[in-house]
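Working notes, beginning with the structure itself.
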Amino acid sequence: MLLQRRLLCTQVPKRSIHPTHHQNSNLNNKKWAIKQVTKSNFAETLEEIKTHIFNSDFIAVSLQKTGAFSSPWQKVLPFDTAEVAYLKAKYAAERFQVLQFAVCPFSVKSSKIIAHPYNFHLFPRDELKMGMPSYSFFCQSSYLTAMAQEGFDFNACIYDGISYLSRAQELAAKDRTGNPLPRSYMKPSQSPTVYSVADSMFVDRIKSRIKIWKRTCQDSEKKTEDDLISTLRKIVSGGEVFGSRPSLSIDICSERQVQLILETLQEFTDLVPLLVPAKVGGSQAIRVVLTSSKEDRNVFEKELQLMEEEHNMQVRGFREVVDLISTSQKPVVAHNAINEFAFIHSKFIAPLPSTVDEFRSSLCSVFSHIVDVNHLMREIGPLNKVNNLPAAILYLKRRFTRPLHMEIPQHIDGDEVRVHGRDVLRISELFAKLCLILRIVPESPEADYSTSSSTLECYANVFNPCFISSSDLLDDDVNISTEKTRRISVANLVFLWGFRGMMSARKLKSLLKGSHEVFSGEIDVRLADRNCAIVVFWAPGFAERFLKVMNSGGTNCEPIKDMISEGLRAACYRTYKRVCELSIWEPSLADALEKALEEASDLPEANSEEELPAICWDNDELTNLDDL
Amino acid sequence: MNSSSKFYGTKIPVVRMLVVMKNLFTIRAFHKSLISLSSSTRHFCCSSSSSASTFAIKNVTKSNFESALNDLRLYVKDADFVAVDLEMTGVTSAPWRESFELDRFDIQYLKVKDSAEKFAAVQFGVCPFRWEPHRQSFVAHPHNFYIFPRQEIKGDDTSYEFLCQTTSINFLAKYQFDFNLCIREGVSYLSRSQEKEALGRLNARYKDRLLDSSSCWREGVDTKLVRVADILFSERLKNKIAEWHDGLLGDRNGASQTWKTSNDSKQQLKTIFFKMRPALDLTGFTSHQLRLIQLVVKNHFEDLVYACVAGESSSQQLIVYADSASDRDLLMKELKDCLCKEAEMKIKAAIGFRHVIDLLSSEKKLIVGHNSFLDIAHIYRKFIGPLPSTAKECVISIQKFFPYIVDTKVLLNASTVCQKILKKSSTSLSKAFALLCPQIASGVKTSGLADKRLVKVEVQVDNKRSLNWNSGAKHEAGYDAFMTGCVFAQACSHLGVDFTLNPSSVDLSHHEKLQEYINLLYLSWINGDIIDLKTGERKTDSICSKGFKAHHSKILFSNTVLLWGFPAKLKASEIRECFCKVFGSSSITFIYHLDKTAVFIQFSKEELVSDFLVLKETLERSNDPISVLHPLSKVLQGGRTRAASYEVYKQICSSTISKVFFADQAEAVGIEWNAKLSKPVLEVERQVDFEASENQLDTDARNETEIVSGIDPPLYMHSPTDELDSLCPAEAQMSK
């Protein structure tokens, strides 16, 4: 009755999640046929999604996490280089957890998108009791509250979410538990071993034991015997049953003995050896299973394989889906790919490497093509501000009126409204639209995807947060002037903090303008967070000059001197990068920079000849930083 | 959360302690029997409707918080004591952050502090108990508050971020914790320091702002009119406002001109009065349009003020007419005060659940908990402010808010009478409850003499009352608090507190029979270390050490070295072997795994600590054959092996970072490759129970922990001063 009471409170309020509340997409006209997957229907879904993944042209993915960034400056900002953006994404991926993973295999045929959306509910349950996949994870209450508002059922997720292990964790698990029984079907190594006297004695003993056991087994098969007698016989011969087949366990005390027994068993074509793992690693016994014929042996080996697969599925859990996507080699479409794939890499592949280059190559070995719709949107100039999926879809709908029809063939039972994971449909839709506009995908239904892959190639695997379009990557110091975006080397960026109280960017700019001649040129001032600003010197060399003035304590410049005495500090972009490299994730950027400067004073000056990358400076994009 | 939950839910999966208390073992064994017991209880409740009443506990969420709080005020005011209990999202942020035998007093506090800082409290049980003389029974009012750190006001975002320990979440799930209810409907809260900070920020903002700050927009509003639509819109609105403005002036001048508007704009622009001034109420505009209107007002009308004030449900946008410059200033001031007051109200409203804590604090009631130091630390961190850096500062500060705290775990372990009843079995909450209060726990009516000593507890929830209430919802904070209170009342009775004698209620806070137990808490149950809240010191003449005796050994922190980052899979026995080759076979007292990446090594002599650190450094610096062949090279292989004195362990524990493995943690904290030998502070030798180590070698622990005891039997003869003889059984078991 207690149970009942608690379950009563559990019911998800369904009123607020009616689809008509969501505007901006033609998706809202029909039912959200997104299949919700938990532990209970995972096995059946896996088969289903497998066919869809292999039959579709693209796979859209979208993750729902327990948090993203702890303070405003820790999110990927427009002035971040790829390296810095990766370090930020890495920090988030290591702390937060994925609770929903939406996967949508889809194809684009003329003006139709055929989509098969699935939303998997995940929970890092420690199925193997080994502190894996995750000892603990962070949550941001705002994220949880937002999910709750969408009607997300946390109880279902925690009680019935699918667990998983990353590839690296699976290896570690194998290492630690030894091979669990069904998986350990093994073939002996081919190299013949040199026997010592003790070895041959051991082998002889085992051989005779096996022979006796085999004989008793075969004898008993012929005669119909009394139950009691057959049981006794079994006890005497040490025989057991493995499934329906007789088996014999041989205790072992070294790996050498394992080798010897396996070699001995090669003589017997009807025996299949299995390793029984010991608790502390290694094996403690070999179980020999007797098959009745060659056919039976094959059948048995197949059975073993199946068992192994089943066990693997239990261990890998949701990762099976990630592996399926990986083996399918289909292009994977995501929104804000660097964030999403940092999570995917850290949860399902391996711990994140320390540099973006390693990350990129590690990721490319798993997913050959990753396409960021965000990046594609930037290809269409005016869209580059739109960072929100429904808004982007609406925009495209207004500008490019070619109709695109979404078709979701799968049928969902029950009348529950299934909105969770709908972003993955938005991503599919947006991608399909963008492909039409950018002519990535052949418009005729006959042409297959392979012809278009080369076009897509140049959009794939770009992780630059400032979204330098691929063609511009070659140029170094060119101003791209689509709207207000301009390219600038990070050498011209200076971080400023320690100004009095709260100040708006505008106020700060006017204050700076009057203080020193370096500010007389064209500058831009934006707030990176509440008490740290970033200053862009459009004239080259001025940033350096300003830093020199700051380092000298403002000699010959009274206004700067005053500001320094009030606490003004400045740092170059390299310090900012170092903050991220050293993981100084202080809540306030000013504190973090300060710490990085302290640490730096202990170290010899890094090679300052290092080539500095450029970023895109977009005036509009930064204005909203003021609202922080 | 009671102790059994702490053990059962989170400690067991990663048992890694040098010595797992005998109690732990029994708790676990007992827990199984408890589960069956509780299920039979539930069964019993269902089948016999007469004996046990089973109305639900009072669950409190956002929707009924206000009324529940008002009721609670009365209950707490009349109460003789208030039992509390918390459920958290986790206990340890990393395996090596669990309690170890080797944790010094200060480190025990650091571990509790880390836990209270990282995890969230999701359920808060409050149960006031009042003695009713005419009924000769206690009346309990169990409340089960769902709380959630939802961010209601702007501020420091990091305090709305919390850690979840996977095993703890699973543990809560096992007991049907309703996460949906907690996240959707949980009562939010604001600590005292958060409130102060928010009010400070508010004051700064309103003081700083110049008079033109009445607008709710930020200063960077000079949106340039680029789009044709914007220009047209602005122009139209300018005319409309001018019309209205002229209309007002016209009225003043006595002309009977009325302001004519078309129907649709009448809905959008309505003339109202704001603070005795005529005003236009703007409704149905988009935020972009409102920004344009603001611009129009600012640029074209000197005597009009654009204002954004809080209405009943949403904020209201107004254009207010001020007839002179001084009136305009006055209006600005009024608006400012209005905004300020409104923001203040918002902050006050965000206090939420802290009202309950403030209530407990202001009533100065006796607070009863079970193994409650962690609970109290959570209460401090969540509702008062950041935890001080030392245990002493912390408890002295706690005393200011809660002058009387009593812990049933301390009471049960200290009182011989209770120990007799518990038959020296565990003092876990549910166990103690079942044995001390059988009439409540199982609804069984005992008769005759035995019954006389049993304190009657009547439960009241709303208007329902019952003498043998049992919701059976173990590990639900409200029910756990109720059990704690019942155990306390019964323990008091066993200690000789006679409730029946007094005509009115008993002053338990000052009762002579309880004085020696009040304000004592286990800082760490594993170590049996008790902290005296009045002094902030470790209680040395421990009244409660009864459970912790037998063979004692000394842990000499100054003799201890921390070693980490050595080659993986290197066993403690192998490490020990290497060290013995260098420093002599009796040089190592014990080696103890923190986790698979780190060990503590205790040397027999203090000098050996520095000897080792110096030797390590020389070996690493030189690359000659001697250093390669040196016995220690096996440990130093890989070049990532670090060593440091015990003080560095403290530094690492005090860091806010929590990496799963100790070696990663140490690296992240930034301990240099070879940590400098800081002068170890000589700590009073601590007595530790090693006897229980025999129990430790259950299967879980065997995989995780490797124990190498100090002395090989023959050497033991040569070192009679060593008291580590009791470790020998452990070794014997290990070598099996």
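Where a number appears in this text, it was derived from the coordinates with a stated rule and is not lab data. Here the structure is a predicted model, which is why all the values come from computation and not from measurement. No Cβ is skipped: glycine too gets one built from the backbone with ideal geometry, and neighbour counts run over all protein chains shown.
Among B:138-149, B:280-291, what's the highest-first ranking by average C-beta atoms within 10 angstrom per residue? Each step should come with its number before you reach the end.
Working: B:138-149: 25.5, B:280-291: 14.9.
By packing density, highest mean first, the sequence is B:138-149, B:280-291.
Need the full-extension length gain, B:GLN637 to B:LYS534, defined as separation in residues times 0.36 nm minus the C-alpha distance. One decimal, nm. Display every interim value, and only then the final one.
Details: separation 103, 0.36 × 103 = 37.08 nm, distance 4.96 nm.
The span from B:GLN637 to B:LYS534 would gain 32.1 nm if fully extended.
What FRET efficiency would be calculated for the residue pair B:THR390, A:ARG545, taking the C-beta separation as r and a Förster radius of 41 Å, to the nearest 0.05? Don't skip to the end; give the middle numbers.
Values: r = 48 Å, r/R0 = 1.17.
After rounding, the FRET efficiency stands at 0.30.
Enumerate the residues in the stretch B:320-357 having an amide nitrogen under 12 Å from the point lying 7 Å beyond the Cα of B:GLU302 toward its Cβ.
The answer is B:324-326.
Among A:THR45, A:THR264, A:THR355, rank each residue by its count of other Cβ atoms within 10 Å, from fewest to most, as a rough exposure measure.
A:THR355, A:THR45, A:THR264
When a footprinting reagent is the concern and you count Cβ atoms within 10 Å, what order do B:LYS77, A:LYS577 take, fewest first?
Numbers: B:LYS77 13, A:LYS577 19.
Ranked by crowding around the Cβ, least crowded first: B:LYS77, A:LYS577.
Quickly work out the B:LYS423-to-A:SER361 label distance, labels modelled 7 Å from Cα along the C-beta direction, and quote it in nm with one decimal.
Label-label distance for A:SER361 and B:LYS423, simple model: 6.7 nm.
Could you give me the ³J(HN,Hα) list for the stretch B:184-195, computed from phi with Karplus coefficients 6.51, -1.76, 1.60 and θ = phi - 60°, whole Hz, x at Gly and Pro?
Values, residue by residue: 7, 10, x, 6, 8, 7, 9, 6, 4, 5, 5, 5 Hz.
Would you list B:LYS569, B:LYS513, B:LYS111 from fewest to most Cβ contacts within 10 Å?
B:LYS569, B:LYS513, B:LYS111
Here is the link list: B:LYS58/B:LYS409; B:LYS400/B:LYS539; A:LYS129/B:LYS571; B:LYS77/B:LYS456. Which ones come out longer than 24 Å on Cα distance? Numbers along the way, then the final one.
Working: B:LYS58/B:LYS409 26 Å; B:LYS400/B:LYS539 20 Å; A:LYS129/B:LYS571 22 Å; B:LYS77/B:LYS456 21 Å.
From the list (B:LYS58/B:LYS409; B:LYS400/B:LYS539; A:LYS129/B:LYS571; B:LYS77/B:LYS456), the Cα-Cα distance tops 24 Å for B:LYS58/B:LYS409.
So what are the ³J(HN,Hα) numbers for the stretch B:91-106, from phi and the Karplus equation (6.51, -1.76, 1.60; θ = phi - 60°), rounded to whole Hz, Gly and Pro as x?
For the stretch B:91-106, the Karplus curve yields 10, 10, 7, 7, x, 6, 8, 5, 5, 10, 4, 7, 7, 6, 3, 5 Hz.
Rounded to the nearest 0.05, what FRET efficiency do B:GLU152 and B:GLN515 have when you use their Cβ-Cβ distance and R0 = 56 Å?
Working: r = 42 Å, r/R0 = 0.75.
Once rounded, the FRET efficiency stands at 0.85.
For the residue pair A:ASN55 and A:LYS211, what label-to-label distance in nm results when each label sits 7 Å from Cα along the Cα-to-beta-carbon direction?
A separation of 5.8 nm, rounded to one decimal place.
At a Förster radius of 30 Å, what calculated FRET efficiency corresponds to the Cβ-Cβ distance of A:GLN259 and A:ASP296, to the nearest 0.05?
Working: r = 26 Å, r/R0 = 0.87.
With R0 = 30 Å, the Cβ-Cβ based efficiency is 0.70.
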